[in-house]
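To start, the structure under review is shown below, and the notes come after it.
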Amino acid sequence: MYLKSLELSGFKSFAKKATLSFTSPVVGIVGPNGSGKSNVAEAFRFVLGEQSIKSLRGKRGEDLIWNGADQGGRANRAHVKLTFDNSRRLFAGIDFDEVSIERVVNRDNSNEYLLNGTAVRLKDIVELLGSAHIGATGHHIISQGEADRILSANIRERREMVEDALGLKVFQWKKSESLKKLERTEENMKQVESLRREVAPHLRFLKKQVEKVERAEELRRELTELYRHYFATEKNYLSREKARLTAELQAPEAEMRALEQALAAAKQTLAASQKRDHQSDAVVAIESELSNCRNEKDSVGRELGRLEGEISANRRTIDKEREKQKRDEFKTVYLKDVEEAVTALAPLSTLTNPRELFERIITELKAFITKHRGVTETSLIGEAEKEISLLMTEKNKQEEYWHKIAQKEAELVKRYDELQKAIEKEKDTDREAEKEVFRIIARENEVRSQLTGLRNALETILQATQAWERELAEAAQICGREAVAYEALESALDHSAGLDRAAEADTRKRLERLKIRLEEAGAGGGAEVLKEYRETEERDAFLARELEDLTKAKAELQQLIGELENRIDSEFKQGIQKINEQFGKFFVLMFGGGKAELSVVREVRRRRKSDEEELSETLSGEVGSDGEMTLAEEEVEADGPEGLEVNVSLPRKKVKGLMMLSGGERALTSIALLFAISQVNPPPFIILDETDAALDEANSRKYADMIESLSERSQLILITHNRETMSRAGVLYGVTMGADGASKLLSIAFEEAVKVAK
Ligand code: ATP
């Protein structure tokens, strides 16, 4: 026994506190019409959380509160307390032997719920009751006149009632929660998919950028390698040449110094000579002039060397530029040319046909491009050429000057020779000294020209070294420090090996080409692109993982839903089978024969073609197949949800179907079905409010017999006027209503009850 007591105060007609103790498996409540018996059944619904005031025969919450009588004041609140015996842990979650549920409704319509004296929410009460199979549809509380609710319900409602009675509601609830989750998951999947679609083009773009950056990086590596090699070989060449020339210069320079000293000494001897005459003065003068002239020629020669060095540096620039110019996309077009081309388009403005105008413009533009394809001189080339021309002018001037000096030198030598011959003839005594002077001067000439050659060569090398240094700076800028770290490579070179200048020139060309390709590849921002690519890729991967998780979750939910459906389906079908066994037995017991069973049918949906409006109608399989509604404009779709149909056939009667039953037969059938359901999955208690009202004496007995067998598994509270039913109750309560309109409750004996009931 699970029910212990019900306490009412201020609830409907129960003005004062009244307590029913359920000390017997069958408790009867008797009393005259209107005394408040049904209010007791409603007190049960109320305390169990019923939300429909209408089903409690009221309009507002206030209607549930004792409204007073002529003499007595009204109550401010209705309070009902239901106490359960929980020693067998009917409510598994509550570790007390007694569980009390209370509900209070106040005049301001507010509700309070209490569980063992503690305020809780309605939700907590509903969950708690659900766990004990005291369902919300109240299949175990049959109100007055409601006995055939299960017969008058449509097939879907009927299925719901049976599912609830079979304890399948919890699975239905889980299923609907899972379906909601599935819907959310699918929504999320759509969102993630659309996010991925948004990311995709950006990712593709970034990937191309990254490939470009990588290509540039590859080129840079190649260039770095080549630079190092080039710098090492070039440096090796330059330092070797410098060392060689410096060494080679030493001997002639020393000799020159010696010759200069010797000449000075010889001149002194000559000057000291008493026979020195005007001729020897002339010799000295010419010789001094000659020396000046030669020094000048040397310096001009050096200047020429420098100019040549600069000219060749400029030529290199031009070569490099031209190499670039061979590629069309680097073509430079003068602004002046573009302006001219635009001016040339002006006459076209007289054209009125836009198509013709457009075609003419395209033709002109193509002509312009064709005209400017081919090597165009850039300003850089122009500048270099201007520089070369300036240098060439300077060089020509210097060369002219050099020739002039050379001519002057030749003249001086000639005069000198003539003078020498004359002197030779005339002067014998000074002959040796003079000879010595001439010899020294001759040697000086030789050594000087040797020195000039070597110095010019050295100057060229120094110029080349400067160019090399400039290139080093440029390389460091393009490729970083790695490109100029040539030292190790250089020291590893074989310094005695021959120098292949042609190969070196080749390397230089390759260097220029690589530089251009690197420029084309467009470096810069590489690190940022890579970072963004990596971030975007990570985001995409994250979304992919998310999608994978969602897909997995979806599959799991679908599986869970499938499992729940299978479980509901199989338990439902098994339940129906068991109910049918009981239903058949009770039915035969009631009617002394015949057949009754529940069958699973599908709801038939009809769609009206004319207005496309979907109508869902519940029709029994039989009626549906009878084709009662075969109107021309209707189309039948047999895929509605499953429901439950009640099939009965009475003994000795041809009629079939619920519609054909008499009121009493209907009452008996519904009682048989209710009892069958309660036998299969017994609820803790059943309240039957005058379910037996329509029964004749014979059937009342059968009803009472069934009550007894039901009470073996569920506690029964019977509101009745029926003597037979009363006789089966262990405890009887009488409800009376005094002049004050308030219901009173008293425990009475059977004989008294029979009297009270009347
Ligand atoms: P029957 O045997 O005819 O079914 P019953 O014993 O089931 O009758 P109920 O329907 O439970 O009687 O009681 C109805 C009585 O309760 C009515 O007299 C009604 O006036 C009274 N009642 C209902 N609500 C209130 C209220 N808020 N305050 C006072 N009395 C109320």
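The values are calculated or read from the model by the stated rules, or taken from the named source; none is laboratory data. In this text, all values refer to a predicted model and were calculated from it rather than measured experimentally. Cβ placement follows ideal geometry from the backbone for every residue including glycine, while neighbour counts extend to all protein chains displayed. These area figures cover heavy atoms from the full protein model, side chains too; ligands, DNA and RNA do not enter into them. Shrake-Rupley method; radii C 1.70, N 1.55, O 1.52, S 1.80 Å.
Amide H contacts of residue 65: 12, each under 5 Å away and 5 or more positions distant or on a separate chain (H built 1.01 Å from N in the peptide plane; Pro and chain starts excluded).
At a 1.4 Å probe radius, carbon and sulfur cover how many percent of the accessible area of the chain? Here it works out to 51 percent.
Jot down the per residue volume, in cubic angstrom and as a whole number, of the convex hull over the alpha-carbon atoms of the stretch 508-555. Don't jump to the answer; show the numbers that get you there.
Numbers: hull volume 3.9 nm³, N = 48.
Per-residue hull volume (Cα only) is 82 Å³.
Of all aspartates and glutamates in the structure, the ones whose alpha carbon falls short of 15 Å from that of residue 4, not counting any fewer than 8 places away in one chain, are 85, 97, 98, 102. Checked against a 29 Å cut-off, the cross-linked pairs 59/81; 578/653; 81/573; 175/656 give Cα-Cα distances beyond that limit for 81/573; 175/656. The ellipsoid equivalent to the alpha-carbon distribution of the stretch 50-105 has semi-axes of 32, 14, 7 angstrom, derived from the gyration tensor eigenvalues as √(5λ) and listed largest first.
What is the Rg over Rh value, at two decimals, for the stretch 143-233, using alpha-carbon atoms and the Kirkwood definition of Rh?
Values: Rg = 34.6 Å, Rh = 20.3 Å.
My calculation of the ratio gives 1.70.
Within the shell defined by Cβ-Cβ distances under 13 Å, the residues around residue 122 carry a net charge of -2, with Lys and Arg each +1 and Asp and Glu each -1. Taking every protein chain into account, the accessible area of the chain amounts to 55 square angstrom per residue (probe 1.4 Å).
Kindly work out what percent of the DSSP beta bridges joining two residues of the chain are antiparallel, to the nearest 5.
Numbers: 51 of 66 bridges.
Within the chain, antiparallel bridges account for around 75 percent of the total.
What's the Kirkwood radius of the stretch 351-492 in Å, using all Cα pairs? Don't skip to the end; give the middle numbers.
On the way: mean 1/r = 0.0432 Å⁻¹.
About 23.1 Å for the stretch 351-492.
Converting phi to 3J(HN,Hα) with the Karplus coefficients 6.51, -1.76 and 1.60 and the offset θ = phi - 60°, the stretch 283-295 yields 4, 4, 4, 4, 4, 5, 4, 4, 4, 4, 4, 5, 4 Hz in sequence order, with x at every glycine or proline. In the stretch 84-203, Rg over Rh equals 1.19, where Rg is the alpha-carbon radius of gyration and Rh the Kirkwood radius from pairwise Cα distances. Amide H contacts of residue 28 (H built 1.01 Å from N, in plane; Pro and chain starts excluded): 718, 730, 731, 732, 733 sit under 5 Å, all sequence-distant by 5 or more or on other chains.
What number does the chain give for Rg over Rh if you use C-alpha atoms and the Kirkwood radius? Could the numbers behind the result be given before it?
Working: Rg = 60.8 Å, Rh = 39.8 Å.
Looking at the chain, the ratio lands at 1.53.
If you look at the Cα atoms of the stretch 183-330, you get an Rg and a Dmax of 36.7, 132 Å.
Using the Cβ of residue 678 as centre and a radius below 14 Å, the other residues enclosed give a net charge of -1, where K and R count +1 and D and E count -1. Computed from phi, the 3J(HN,Hα) profile of the stretch 355-361 under the Karplus parametrisation 6.51, -1.76, 1.60 (θ = phi - 60°) reads 5, 4, 4, 4, 5, 5, 4 Hz, with x in place of Gly and Pro. When the surface is traced with a 1.4 Å probe over the full set of protein chains, residue 60 keeps roughly 130 Å² accessible. Partner lysines whose Cα lies under 17 Å from the Cα of residue 755, excluding those fewer than 8 positions away in the same chain, are identified as 37, 744.
In the stretch 651-735, what is the volume of the convex hull around the alpha carbon atoms, normalised per residue and reported in Å³? Each step should come with its number before you reach the end.
Working: hull volume 9.2 nm³, N = 85.
Here the figure is 108 Å³ per residue.
Counting only alpha carbon atoms, the long axis of helix 37-47 and the longest principal axis of the chain meet at about 20°.
All C-alpha to C-alpha distances of the stretch 16-64, sorted into 10 Å bins beginning at zero, yield P(r) values of 21, 49, 27, 3 percent in whole numbers.
Per residue, the convex hull spanned by the Cα atoms of the stretch 338-407 amounts to 105 cubic angstrom. In the chain, helices alone account for a calculated mean residue ellipticity at 222 nm of -21500 deg cm²/dmol, with every DSSP H run of four or more residues adding -39,500 (n - 2.57).
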